[in-house]
Amino acid sequence: PASDAALRRALLRADELATAAVSKPVAGTVLSVLHAAAEAARDCASDDLDDVVKAAANDGGEALADTPRQLAVLAKAGVVDAGGRGLVVLLDTLAAVITGRAAEPAPVTATVPRDSLTTAREAGSAEYEYEVMYLLDGPADREPDVERLKADLRAVGDCVSVVGDGAGLWTVHVHCNDIGAAVEAGIRAGRPHRITVARFADQIAAQAPRFVRDRAIVALVDGEGAAELFRSEGAVVFEPGDAVTAADLLAVVVGTRARHVTVLPGDPSLREPLDDAVTQAIAAGQDVVVVPTFSPVQALAALAVHSPSRRAGDDVVAMAEAAAATRRGEVAVSEREAITWVGRCRPGDLLGMVDGEVVLIEPAASGVGDLACRLVDRMLASGGELVTVLWGQAAPDGIERVLEDHLRVAHPEVELAAYQGGQRDALLVVGVE
C-alpha cells in the first residue's frame, strides 16, 4: 500500500541508485531534480501522503528551474534540462493522482528553434568515436565487481554507466575508441551479450536532415545591424556569443539543410570550434567550405561577389579573392596596458588597427573621428576605390558624416558605404577595396 514512508524510501533509493549509476554526476541534470525531490519528501514534517508527494513535486519543480543556472549549455540554449523536465511531469502527475487535484505543468524556461539544439552527440568528449553498449550477466557464484568494471571502462573512455536491475542483469554503456578493451572489461566482470557498437559519425549522417536546397551562405557576425545587413543579402546569420562551441556552429551549418555550405567567419577567434564543426558536417555528408575572412567587412566583400549561377567551386574562389583583396581596419578602445609595434598603450586609449596590428594610438580626448580619418588615410595610401565602414554600439553619433566630409576633401575619387553594425568590441570596422 502507498504510504508516506513508502514514498520517502522509494525516492531516496532512486536517488541513491541513479547517482551511483553515473560515473561523473553533474549538477543541472535529472539527478539534481531527483535529489531535490527525495530530500523534500524525507524532510516533510507531515506524515500525510498528500503533503509528502506535494513537497516532492514542488521542490522537484524548483530544482528544474535552477538547472540552467547550474549547467552552462542549458543557459546558453535558454531551456531547462529535458530529463529533469520529464521527471517533474511524473511527479506532478503522481501528486495529481494521490491528491485528486489536477497538476499545473511546470514552466519551461524558454523556447528556442529546434535547429539551435542540434548536437553531434549526446554527451562526452569528441575524441571518442564509438558508443559501446551490452548486457552483462554476473558470474554464477557471485555478483560482478561493478566498481572494477567502471574503473576499467573509465580508463578507455567516458560516459560510463553500469546499471543493475536487481536480478543479476546489468546494462553497460561507454564512449571509447578501443571497442575490444570495452568488451574485454565486461568479460572480466561476467558474461557480456547483446553487444552493440555505434560510430558517432555514422549516427550524424543517419540523423542529418534531407537536403532541401543546393547551396547556402552562413555568415558568423557580431551585432544586430551587421546581422540584418547579411540577412538582406540572403545569408544565414549566426551571432557568436562569448563562449561559442563547435556544437553551436554545427547546428547552424546542418540547419541550413543545404548540400553545399560556404561559411564566412567574421572573427579569427572562431577558427578552432569552426574547424571542428566543419569536420563533423563533412562527415555527415555536407560539402562545407570556409572562406578565410577575418572581419565582417571582408565577409561583406566576399558576399558581394557571390553568384548562385556559378559552379560552387568557382564561386568560392571568387569570394576568397574578394575577401583577400579587402584590407581590414578597426578603431577600438584599449582595455589594458600593453606594448605594441608603435609604442605603449594604456587603458582607455584609442587604437587604430590594420590587419590585426596596432598602427595608431591616441588618447581618448583626441576623438574617434580624428583617429578614424587618419586610419582611413593610412589604409588608402596603397590605393582603393571603396571604403566600407560598420560602426559599433559605442561609436559616437555623426561619425559617418565626419568620414564622409573627410573623404570628399582628401580622397574625392573614393566611394564610402557606411552602415550601423552594432558590434560590441569595436567602435568602427573599416574595409578598403
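The values are calculated or read from the model by the stated rules, or taken from the named source; none is laboratory data. Since we're looking at a predicted model, the values are computed, not measured. Methodologically, a virtual Cβ is constructed for each residue, glycine included, from the backbone with ideal geometry; neighbour enumeration extends over all protein chains shown. Side chains included, ligands, DNA and RNA excluded: accessible areas come from the protein's heavy atoms. Shrake-Rupley method; radii C 1.70, N 1.55, O 1.52, S 1.80 Å.
For the chain, give the magnitude of the charge dipole about the Cα centre (Cβ charges: +1 Lys/Arg, -1 Asp/Glu; no others), in debye to the nearest 20.
840
Taking R0 as 22 Å, what FRET efficiency do you get between Arg101 and Leu17 from their Cβ-Cβ distance, rounded to the nearest 0.05?
0.15
Say R0 is 60 Å: what FRET efficiency, to the nearest 0.05, do Ala283 and Glu415 get from their beta-carbon distance?
Once rounded, the FRET efficiency stands at 0.85.
Given a 1.4 angstrom probe, what's the average accessible area per residue across the chain, in square angstrom?
With all protein chains present, the chain gives 51 Å² per residue.
Summarise the accessible area of segment 20-61 (1.4 Å probe, protein heavy atoms) by the percent that is carbon and sulfur.
After summing per-atom areas, the C and S share lands at 52 percent.
Work out from phi, with θ = phi - 60° and the Karplus expression 6.51 cos²θ - 1.76 cosθ + 1.60, the ³J(HN,Hα) of each residue of segment 415-429, listed in order in whole Hz, and give x for Gly and Pro.
Per-residue couplings from phi come out as 8, 10, 10, 10, 9, 6, x, x, 5, 8, 9, 9, 6, 9, 10 Hz.
Can you order the peptides 158-167, 80-89 by their average number of other Cβ atoms within 10 Å per residue, highest first?
80-89, 158-167
Between Glu184 and Ala72, what FRET efficiency follows from the Cβ-Cβ distance if R0 is 25 Å, with the result rounded to 0.05?
It comes to 0.10.
Which order do peptides 374-383, 180-189 fall in by mean Cβ count within 10 Å, highest first?
Packing proxy ranking, top to bottom: 180-189, 374-383.
Please turn the phi angles of segment 336-352 into ³J(HN,Hα) values with the Karplus equation 6.51 cos²θ - 1.76 cosθ + 1.60 (θ = phi - 60°), one per residue in order, whole Hz, x for glycine and proline.
Karplus values, whole Hz, x for Gly and Pro: 8, 6, 7, 9, 10, 5, 10, x, 8, 10, 10, x, x, 5, 8, 10, x.
Output the 0 to 90 degree angle, nearest 10, between the alpha-carbon long axis of helix 246-255 and the longest principal axis computed from the alpha carbons of the chain.
80
Quick one: give the max-minus-min coordinate of the C-alpha atoms of segment 293-375 along each principal axis, largest first, in Å.
Ordered largest first, segment 293-375 gives principal extents of 50, 23, 17 Å.
Ordered by residue, what ³J(HN,Hα) values in Hz, to whole numbers, does segment 282-292 give under the Karplus form 6.51 cos²θ - 1.76 cosθ + 1.60, where θ = phi - 60° and Gly and Pro are x?
Each residue's phi maps through the Karplus curve to give 5, 4, 7, x, 8, 9, 10, 10, 9, 7, x Hz.
Of the accessible area of segment 328-423, with the probe set at 1.4 angstrom, what percent is carbon plus sulfur?
Carbon and sulfur: 49 percent of the exposed surface of segment 328-423.
Helix 179-189 versus the longest principal axis of the chain: what is the Cα-based angle in degrees, 0 to 90, to the nearest 10?
Between helix and principal axis, roughly 20 degrees.
So for segment 330-404, taking the charge dipole from beta-carbon charges (+1 Lys/Arg, -1 Asp/Glu), which of Gly367, Leu403, Val342 sits furthest toward the positive end?
Checked the options; the winner is Val342.
Would you mind listing how long segment 349-410 runs along its three principal axes, going by Cα atoms, in whole Å with the largest first?
Principal-axis extents of segment 349-410 (Cα, largest first): 29, 26, 19 Å.
Which angle between 0 and 90 degrees, to the nearest 10, do you get for helix 146-156 versus the longest principal axis of the chain when only C-alpha atoms count?
Here the helix axis deviates by roughly 20 degrees.
Calculate the spin-label point distance for Ser3 paired with Arg311, positioning each point 7 Å from the Cα along the beta-carbon direction, and give it in nanometres.
That separation, rounded to one decimal, is 8.1 nm.
Compute the normalised compactness of the chain: alpha-carbon radius of gyration over 2.2 N^0.38 Å, N being the residue count.
Normalised Rg, Cα atoms only: 1.30.
Assigning unit charges at the beta carbon (Lys, Arg +1; Asp, Glu -1) and nothing else, what dipole magnitude in debye, to the nearest 20, does segment 318-360 show about its Cα centre?
For this selection, approximately 100 debye.
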